[in-house]
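The values are calculated or read from the model by the stated rules, or taken from the named source; none is laboratory data. Model, not experiment: these values are computed from the prediction. Don't worry about glycine lacking a Cβ; one is built from the backbone with ideal geometry, like all the others, and counts go over all protein chains shown. Each accessible area value is taken on the protein alone, full model and side chains, heavy atoms only, with ligands, DNA and RNA left out. Shrake-Rupley method; radii C 1.70, N 1.55, O 1.52, S 1.80 Å.
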Amino acid sequence: MPSSPIASVLFVCVHNAGRSQMAAGFLSHLAGDRVEVRSAGSLPGDQVNPAAVEAMEEVGIDISRAEPKVLTTEAVQASDYVITMGCGDACPVFPGKKYLDWALEDPAGKGVEAVRPIRDEIRTRIEALITEIDARREA
C-alpha cells in the first residue's frame, strides 16, 4: 500500500444525496486508501437519500453517516478527477484535471427498487475508473 493516495477523485451531483454519495462509497470501499475520495453538490440536500443508503447497505457499504456538502472551488482544485453526474454548468473547470460526465438517472424520490440499477451502474463505472487510475499510475 502506498503511503499517500495515488489519485484524488471528486464526485459531483446537484444534491450530493444519491449518485455522488453512492459513487464515493463504492470508490472508498473498492480502492481503500489508494484513492482520496470527495463528493459535493451544487445545491446540496439536507440528507443522503434513504433509498441510496438502503441500496448500498444491501451490498455491504454503509453511507448512512455521509452528509451532503457544497461544491467548492478548492475541492475541484485538489482533485485529479472530477466526475459530474448532472451538475450542469455549476462545476468549475481547471486545467490539468480529468473531467468525466456520467449520465446516470437521478435516484431522488425513488424507492430502493428503482435505485438498485443506478447503484449497479455506478459500481461498474467505479471498477472501470479504478482500472484507469491504476493504469495511469503504471504508465
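How many residues, within segment 98-114, are loosely packed, with under 14 Cβ neighbours inside 10 Å and part of a helix (DSSP H, G or I)?
Going through segment 98-114 one residue at a time, the tally reaches 2.
Regarding residue 82, is this residue under 15 Å from residue 125 (Cβ atoms) and touching a His at 6+ places or on another chain (Cβ under 9 Å)?
Judged against the criteria, residue 82 is not a match.
Please state which one of 77, 47 is within 25 Å of residue 132 (Cβ to Cβ), open to solvent by 10 Å² or more (accessible area, probe 1.4 Å) and over 15 Å from the mean Cα position of the chain (by Cα).
Residue meeting the stated conditions: 77.
Whether any residue in segment 89-97 is over 19 Å from residue 5 (Cβ atoms), of a type in the set (A, V, I, L, M, F, W, C) and in a loop (DSSP other than H, G, I, E, B) is what I want to check.
yes
Report, ordered by the first and then the second residue, all pairs with beta carbons closer than 9 Å, sequence separation of six or more or different chains, a first member in segment 115-139 that is under 15 Å from residue 56 (Cα atoms) and open to solvent by less than 60 Å² (accessible area, probe 1.4 Å), and a second member that is among the basic types (Lys, Arg) and part of a helix (DSSP H, G or I).
118/19; 122/19
Among the listed residues 39, 64, 28, which satisfies the condition of being in a strand (DSSP E or B), modelled with pLDDT of 95 or more and of a type in the set (Gly, Ala, Ser)?
When all the criteria are applied, what remains is 39.
Inside segment 80-97, can you point out the residues that are open to solvent by 70 Å² or more (accessible area, probe 1.4 Å) and either out of contact with any helix residue (DSSP H, G or I) (no Cβ under 9 Å at 6 or more places or on another chain) or closer than 13 Å to residue 41 by Cα (or both)?
89, 95, 96
Out of segment 1-25, which residues are assigned to a strand (DSSP E or B) and hydrophobic (A, V, I, L, M, F, W, C)?
7, 9, 10, 11, 12, 13, listed by residue number.
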